[in-house]
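Written below as structure tokens is the structure these notes are about.
The values are calculated or read from the model by the stated rules, or taken from the named source; none is laboratory data. Only a predicted model underlies this, so the values are computations on that prediction, with no experimental measurement involved. The protein model used for the area step is the full one, side chains on, heavy atoms only, and it has no ligands, DNA or RNA in it. Shrake-Rupley method; radii C 1.70, N 1.55, O 1.52, S 1.80 Å.
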Amino acid sequence: MFVRRSTYNALQAAYQRVIAERDQAVNLAAERLTTVTRQAEKLTRRDDWHPTTPVREPQPPQGDAELRRRLDLAERARRFLDEQILPLQAANEAMAAELRDLREGSEAGA
């Protein structure tokens, strides 16, 4: 099949344009892939240095003020328990006396 020289030249120019556009697209895709890969590596390095785990509870300070605070809390708890135990001890002594009286009464009757 015969083609005119002008048609051939036009087709050749169009082909060269398509080839150039393809090369530009390939280069752009390679550049984008490089950028994405670099950003992914950057995020990975950042996550390695700063993991996204929950925040840990801070360790309590172990200075003199902390020890005094803990001692004060322990002393308050002890005083609170002392106040609670007094009525219980009184009730226990009353029940023990009542139990003794009941035993003495049952032994006297037997």
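Comparison of 102, 86, 71 shows that the only residue that is at pLDDT 85 or above, more than 46 Å from the chain's Cα centre (by Cα) and open to solvent by 90 Å² or more (accessible area, probe 1.4 Å) is 102. Could you please find all residues in the range 1-48 being open to solvent by 90 Å² or more (accessible area, probe 1.4 Å) and of a type in the set (Ser, Thr, Tyr)? Hits for the range 1-48 are 8, 15.
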